[in-house]
Amino acid sequence: MYFEPMSEFDYDLIVIGAGSGGTRTARISASYGAKTLVVEGDRAGGTCVLRGCVPKKLLVYASQFSEQVSDAEGFCWQINNFKSNWVDLIKKKNKELDRLHEIYVNLIKNSGCDLISGWGQIIGPNKVSIKKNDGDVLEFSSKKIMIAVGGESSFPSFEGNNFMINSDIALDINKLPNSIAIYGSGYIAVEFAGIFNGFGVDTHLIFRADKVLRGFDEDVRQHLMTSMKEKGISIHNEITISEIERSHESLNVKLSTGKNLLVETVMGATGRIPKISGLGLQKVGVKLGERGEILVNKSNQTNIKSIYAIGDVTDKITLTPIAIAEGHAFADREFGGIDRYISYDNVPSAVFSQPSIAVVGLNYEQAKKNNMNVREYKSEFRALKNTITGNPERTLMKLVVDQDTQKVIGAHMIGPDAAEIIQGVAVAIKAGALKSDFDSTIGIHPSAAEEFVTMRS
């Protein structure tokens, strides 16, 4: 035991939220001897496991088989009567989520933490009220309180927005629509566009920007849009929705151009916001930002010294591994006696669009804005597999190099297995690898990954 429990409180730590970040916080804190309670009103696992990364990627996998069958025929496989069963797929997906929920419950309990199913509300600097799912209300005191509740979908304000579904509902619809309009240009929008299109749904992507995925490399953004069009997705860029109205069995989407789009389903994917409703933060004086995010210092501590927050509810870098890392570092500092903080530099990320995208570090535009002397290396090619199948999809890979130090400061890829490839590249960039280190590394041939060590221009 590294930590001496505080007897004047019921707990040393109460964690509100049993997602990936909250669970890691609780487990590591308990391992140091902290008496820990986890409060969760929904199932354990959080957004990523239950309503985000995991179920979404399962559907991405499933949706890709239509293209893979076409590729298989290009390799002379004879496939007849190929079709999907959406209802059975959703049942299988939900069975997997049930399994993961049980794993999270066991992780929490086996680490020595208490777990209560209910909705937590902070009623004082060191006090939490819990409305249990059976209706009972409990109150506990704690030396420290950790908020790890994540985020939730938000909808734009216009007439008829109540007809829209969000990503949570899209993951569980009981019947595939014949047509869908997706409103948004971020990673959720482009990922679901690929999913529905892969299942044969007439898919429309509507957004007000000129390109998808604001903040990503410009070439990557354009490359994705071109690929999506080639796959049959209708792109409506520089357009907004002014109104949605019911029209018999369909929805009439009124566009800013004056034209109308008639579809069966409309999905809103214009972003997520911190999930702070019902937490009682204003009453106890926790300071919030403009988007409702909980403001924290480098220790993930709010302006109330006993209250902390990690993950999407802080709206810093909204990635599950970040929440996990923040929670682990918090436990190390507060209960393990280890003065450790995480770095937010060179955080790799991926978009499971079709084709997929993965990035780490700066892109060329970001580097130039920072007045850096940079050079960009680029490779674009048709994968070996596609030369046989006739699939027009191309892969794009880029390196950004600081000319003054010769350090590789960014890597960007769009193409198959992008996330798997960039993860290794991220280690090199994190370690400060030079362009010459990449150049002197022997490539694996034939592979897409070898392009990262053979780029010369």
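The values are calculated or read from the model by the stated rules, or taken from the named source; none is laboratory data. Since we're looking at a predicted model, the values are computed, not measured. Every residue, glycine as well, gets a Cβ built from its backbone with ideal geometry; the counts of neighbours run over all protein chains shown.
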Hey, D345 in contact with a Gly (Cβ under 9 Å, 6 or more places away or on another chain) and closer than 30 Å to I307 by Cα or not: yes
Filtering region 50-62 down to residues that are modelled with pLDDT of 95 or more and surrounded by 22 or more Cβ atoms within 10 Å (Cβ to Cβ), which residue is nearest to S227 (Cα to Cα)? L59
Of the criteria (1) modelled with pLDDT of 95 or more; (2) surrounded by 23 or more Cβ atoms within 10 Å (Cβ to Cβ), which one K95 fails: (2)
Please indicate, with yes or no, whether at least one residue in region 366-388 is small (G, A, S) and out of contact with any strand residue (DSSP E or B) (no Cβ under 8 Å at 6 or more places or on another chain). no
Give the residues of region 155-174 that are out of contact with any strand residue (DSSP E or B) (no Cβ under 9 Å at 6 or more places or on another chain) and modelled with pLDDT of 95 or more, sorted by residue number. L171, D172
Wholly inside region 202-297, strands (runs of 3 or more DSSP E) that include 1 or more residues that are of a type in the set (V, I, T) and touching a Phe, Trp or Tyr at 6+ places or on another chain (Cβ under 8 Å) are 202-207, 241-247, 265-268
May I ask you to list pairs of residues, at least six apart or on different chains, whose Cβ atoms are under 8 Å apart, with the first in region 260-280 being among the hydroxyl-bearing types (S, T, Y) and the second being at pLDDT 95 or above and assigned to a strand (DSSP E or B)? T265/I165; T265/S179; T265/I180; T265/A181; T265/L251; T270/Y183
May I ask you to verify whether N386 is in a loop (DSSP other than H, G, I, E, B), under 30 Å from F75 (Cα atoms) and outside the structural domain of K57 (by TED's automatic domain parsing)? no
Could you list, in sequence order, the residues of region 389-408 that are in a strand (DSSP E or B) and among the β-branched types (V, I, T)? T395, V400, V401, V408
Filtering strands (runs of 3 or more DSSP E) wholly in region 110-149 for at least 3 residues that are under 23 Å from E326 (Cβ atoms) gives 114-124, 137-147
Taking into account only those residues within region 152-187 that are among the hydroxyl-bearing types (S, T, Y) and not in a strand (DSSP E or B), which is farthest from the chain's Cα centre (by Cα)? S157
